[in-house]
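Data block below; observations after.
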Amino acid sequence: GVGALYGVTLAVGTLFAFIFSIPQVIGDGDVGWRLFMAIPVIPALIQSIALLFCAESPFYVAFKTRDVEKASAVLACYRKTVLKAEVEALEKKALKTEMKVVSAVDIVSDRSLRLLFLVGVGLMMAQQLCGVNGVLAYTRPVFLQAGVSDPTVAIVVAGIVRIFGAVAAALLNDRLGRRTLMWVGTLSVAVSCVMISISQSCASGKWASCAGKWNGTLAIVFVLVYFVFFAFGLGTVPFLFAGESFPVHARSKGCSLCAAAHWIFHIVVVLFFDSIDKALAPFTFFLFAGIATASTVAVILFMPETRLKTEEQIAKEVGRQVKRCPPIVF
């Protein structure tokens, strides 16, 4: 679906970051890193201009103008077919005289919203703590540590493979569902992390009996597998789930809190990955494998399915999920 295109654009941007980080492309020394830091200004300007031409939220239009036809026309800008249930939801929004403002305290205190909040934050946490920024920021050292003498080509190929994974997720997310994409993706990430750690262990001589030239190949293969399945689940679903799961009156606040959690955990991983890697190397990715495995279990137990469901259907499923969980959990 369109929502999954976020993962595709993120993968494309990551590939260009890989390419521009190569000294032969952008140059080395003082000029190279300055150009690398200046390049993001270009897509930022393009996005800022494009936002001026984006259609408003259909629910916002319905509430502000009380015109259901106008709101339906806006919704039609985003999709080819407008469902009857969606028109009825717009009619309900148009009849409302005031907009309920939800605070962060409301999201934490309401059991249904708290479940969505904790699942959303958990997905963001899993996305970052499964080691993706460690792999992205330290792909070259990971390959070098595994015995690959010139990892430049492998790094670019990793970026291309990640795009294929994101495209596959965009094509399959409405067929398989968000939960399936997530648990398949996180489980595959866990397996990849185990194999990357084994490769590093062999290359470092910790397990002398398995040392050999195949270590570099093993590292490349499972870093590529990691990128494919990360894009398949963790790279696509967390933001998609946050945007779909929260009811309209709590969506902006809920999505903002989940996005804040995403960047907080991002900063934590980037700041501390190097220290953790030095302390645990060559077994660092065993830690990420454990986190990915725990994330798989949590997704299966707690994540509600939002695929092709209206706000009311999602609310009913969340209500059933809340009843199954003791208050101490959600």
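The values are calculated or read from the model by the stated rules, or taken from the named source; none is laboratory data. All values reported here derive from a predicted model rather than from experimental measurement. Here the Cβ positions follow ideal geometry from the backbone for every residue, glycine too, while neighbour counts run over all protein chains shown. Note: accessible area is taken over every heavy atom of the protein model, side chains too, but ligands, DNA and RNA are not part of it. Shrake-Rupley method; radii C 1.70, N 1.55, O 1.52, S 1.80 Å.
Summary of computed values
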| read-out | value |
| --- | --- |
| Answer from 291, 264, 276, 314 - the residue that is at pLDDT 85 or above, assigned to a helix (DSSP H, G or I) and farther than 30 Å from residue 203 by Cβ | 264 |
| Any pair with Cβ under 6 angstrom, 6 or more apart, that starts in the stretch 73-97 at a residue that is open to solvent by 50 Å² or more (accessible area, probe 1.4 Å) and ends at one that is part of a helix (DSSP H, G or I) and modelled with pLDDT of 75 or more | 91/68 |
| Unmet requirement for residue 81, which otherwise passes all of (1) modelled with pLDDT of 80 or more; (2) in a loop (DSSP other than H, G, I, E, B) | (1) |
| Wholly enclosed helices (runs of 4 or more DSSP H) of the stretch 18-72 bearing at least 2 residues among the charged types (D, E, K, R) | 29-38 |
| Residue 154 at pLDDT below 85 and of a type outside the set (Phe, Trp, Tyr) | yes |
| First in the stretch 152-170 and assigned to a helix (DSSP H, G or I), second anywhere and of a type in the set (S, T, N, Q) and modelled with pLDDT under 85, Cβ under 6 Å, 6 or more apart | 155/139; 159/14 |
| So residue 240, is it of a type outside the set (S, T, N, Q), surrounded by fewer than 16 Cβ atoms within 10 Å (Cβ to Cβ) and under 17 Å from residue 182 (Cα atoms) | no |
| So residue 42, is it under 27 Å from residue 230 (Cβ atoms), β-branched (Val, Ile, Thr) and out of contact with any helix residue (DSSP H, G or I) (no Cβ under 7 Å at 6 or more places or on another chain) | yes |
| Test for residue 26: is it among the β-branched types (Val, Ile, Thr), farther than 30 Å from residue 309 by Cβ and at pLDDT 80 or above | no |
| Filter result for the condition that a residue is more than 17 Å from the chain's Cα centre (by Cα) and buried (at least 19 other Cβ atoms within 10 Å of the Cβ), over 282, 247 | 282 |
